[in-house]
Amino acid sequence: LLRRAVCPGSFDPVTNGHLDIIARASKLYDVVHVAVMINKSKQGLFTVEERIELLRQVTAEYGNVVVESHHGLLVDFCKERDIPAIVKGLRAVSDFDYELQMAQMNNGLSGVETLFIPTNPTYSFLSSSLVKEVAAWGGDVSHLLPPVVLEALTGRIAGDR
Ligand SMILES: Cc1cn(CCC(=O)O)c2ccccc12
């Protein structure tokens, strides 16, 4: 039986911080499912399909990462795929309150467990929204994103559709 875990997020776009956690999770599990969670109410900079494509490109080398999208409850995604574990990255204490609440709710709803990986301090400050903001104002975010993502972000900000 394969040991599976899910790494959920919006990944709009995937950053080096996300990739660090996904890579570390891929060493702990037979298969890591990266779930791009669809949030209809929030218009992203990249489409769900673009986010999936970028994630697939930057995780291909790990060999055991599957990238999918999901609309609805994460625990339903887990149930459908027989995934008993959610793996999340924790950046700072400020993340913990909400993550603890979600972990307890998800476990109560479905028995699915949540495992936290402390982010590499290098990426503690990092989030997709901050990267987009800095890039939009011409800031250098090249060290925070995989090259293909930097290229896509630069293009999108330059106005390509
Ligand atoms: C630190 C961290 C935040 N998130 C969710 C951010 C999002 O929703 O895009 C992650 C997803 C995967 C790996 C690490 C992380």
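The values are calculated or read from the model by the stated rules, or taken from the named source; none is laboratory data. Computed from a predicted model, the values in this text were never measured in an experiment. Note: ideal-geometry Cβ built from the backbone for every residue, glycine included; neighbour counts use all protein chains shown. Side chains are part of the model used for accessible areas, which takes the heavy atoms of the whole protein and leaves out ligands, DNA and RNA. Shrake-Rupley method; radii C 1.70, N 1.55, O 1.52, S 1.80 Å.
Observations, loosely collected:
- Along the chain, longest interval not containing exposed chymotrypsin sites (Phe, Trp or Tyr not before Pro), exposed being DSSP loop plus at most 12 other Cβ atoms within 10 Å: 1-124
- Estimated translational D of the chain in µm²/s (Stokes, Kirkwood radius over Cα pairs; 20 °C; 1.002 mPa s): 132 µm²/s
- Label-point separation, residue 30 to residue 134 (7 Å along Cα→Cβ), nm: 3.9 nm
- For the stretch 12-161, the number of Lys pairs with C-alpha atoms closer than 23 Å, counting only pairs eight or more positions apart or on separate chains, is 9.
- Heavy-atom accessible area per residue - the chain, 1.4 Å, Å²: 56 Å²
- With contributions of -39500 (n - 2.57) from each DSSP H run of at least four residues, the per-residue ellipticity at 222 nm computed over the chain stands at -13500 deg cm²/dmol.
- Summing Cβ point charges (Lys, Arg +1; Asp, Glu -1) relative to the Cα centre of the chain gives a dipole of roughly 120 debye.
- Among 121, 146, 13, residue whose mean-square fluctuation peaks in a GNM of the chain (springs only between Cα atoms under 10 Å): 121
- The overall shape of the stretch 98-161, judged from the alpha-carbon gyration tensor, is prolate: a/c is not under 1.5, and a/b is greater than b/c.
- Remark on the stretch 50-119: Rg and Dmax equal 13.6, 35 Å (Cα only).
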